[in-house]
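First comes the structure, then the notes that go with it.
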């Protein structure tokens with residue numbers, strides 16, 4: 001009996017040490033930023049321009065502006081990427097939108113790529129706001145759409161709830177960041193809320209959500225919980241068999257984008 005009690009105490013102690021450690025390093029788990037040297041040269045197969053967003057002294061966000069031909073241009077998409085890597089990876093996704101007639105402005109969040117600062121929920125929202133202000137001031141455009149992917153859906157929905165874009169598009173969004181299946185490892189909760197459920201009802205423009213049924217990062221059920229919060233004319237696209245990182249491999253995804261961006 002004593003051996004059993006000691007074993008149980010050892011397991012409980014190990015579990016508490018584990019979850020405490022995870023809680024303390026959750027910033028590194030959530031924000032998997034990859035830095036780039038200041039002199040790094042981006043390479044892509046399509047036309048683009050590198051720009052610097054300097055909203056205030058000491059703050060700099062690195063951004064890429066991808067171009068679509070002038071004769072088919074319909075507007076500009078402000079694209080907020082997921083939690084990992086940097087613009088060298090995410091810039092490759094711009095082609096899905098430029099081929100449909102949209103310029104694409106992508107930023108690296110604070111602490112990502114060449115952007116300075118440290119990422120947090122608050123700074124991601126501020127980065128989104130700074131991007132919106134810069135775009136409205138510097139781009140001769142009347143149609144602005146906001147696109148968020150994964151972690152970026154919170155920045156996108158927050159921004160759309162404060163302004164009036166033409167559309168809000170959310171790819172693989174979560175209801176809130178902490179999902180039920182992670183509660184074993186985060187019994188104390190997360191430091192960050194990233195509450196899509198709080199922002200979506202405040203968005204007045206049309207909303208489109210795209211989610212795969214086999215997503216192992218953001219469960220389909222988490223995204224589906226946003227359905228009751230949508231307006232009657234908003235749309236929810238289900239990509240059968242789609243995962244978290246491979247939706248663009250599905251014809252249904254490109255069909256959905258074409259309908260949304262017509």
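Using a 10 Å cut-off on Cβ atoms, rank the peptides 106-114, 244-252 from the highest mean neighbour count down.
106-114, 244-252
Run the quick spin-label model on residue 204 and residue 71: label points 7 Å from Cα toward the beta carbon, then report their separation in nm to one decimal.
3.8 nm
Could you calculate, for region 33-260, the ratio of the Cα radius of gyration to the Kirkwood radius, expressed as Rg to Rh?
On the Cα set of region 33-260, Rg over Rh gives 0.94.
Taking the highest mean first, how do the peptides 158-166, 30-38 order by number of other beta carbon atoms within 10 angstrom per residue? Write out the running numbers ahead of the final one.
On the way: 158-166: 18.7, 30-38: 15.0.
In decreasing order of mean packing, 158-166, 30-38 become 158-166, 30-38.
Ranked highest first by the average count of other Cβ atoms within 10 Å around their residues, in what order do 218-225, 205-212, 56-63, 141-148 fall?
Values: 218-225: 18.6, 205-212: 22.5, 56-63: 15.6, 141-148: 20.9.
Order by mean packing, descending: 205-212, 141-148, 218-225, 56-63.
Based on DSSP, what percent of beta bridges with both residues in region 56-135 are antiparallel, to the nearest 5? The partial results should precede the final answer.
Details: 4 of 9 bridges.
Roughly 45 percent of the beta bridges in region 56-135 run antiparallel, per DSSP.
Which percentage, to the nearest 5, of the DSSP beta bridges contained in the chain is antiparallel?
25 percent
Report, in deg cm²/dmol and to the nearest 500, the calculated mean residue ellipticity at 222 nm for the chain, where each DSSP H run with n ≥ 4 adds -39500 (n - 2.57) and the sum is divided by the residue count.
Computed mean residue ellipticity for the chain: -9000 deg cm²/dmol.
Coordinate-derived values only; no laboratory data. The model shown is predicted, which means the values in this text are computed figures rather than measured ones. Positions of Cβ are generated from backbone atoms using ideal geometry, with glycine treated the same way; all protein chains shown enter the neighbour counts.
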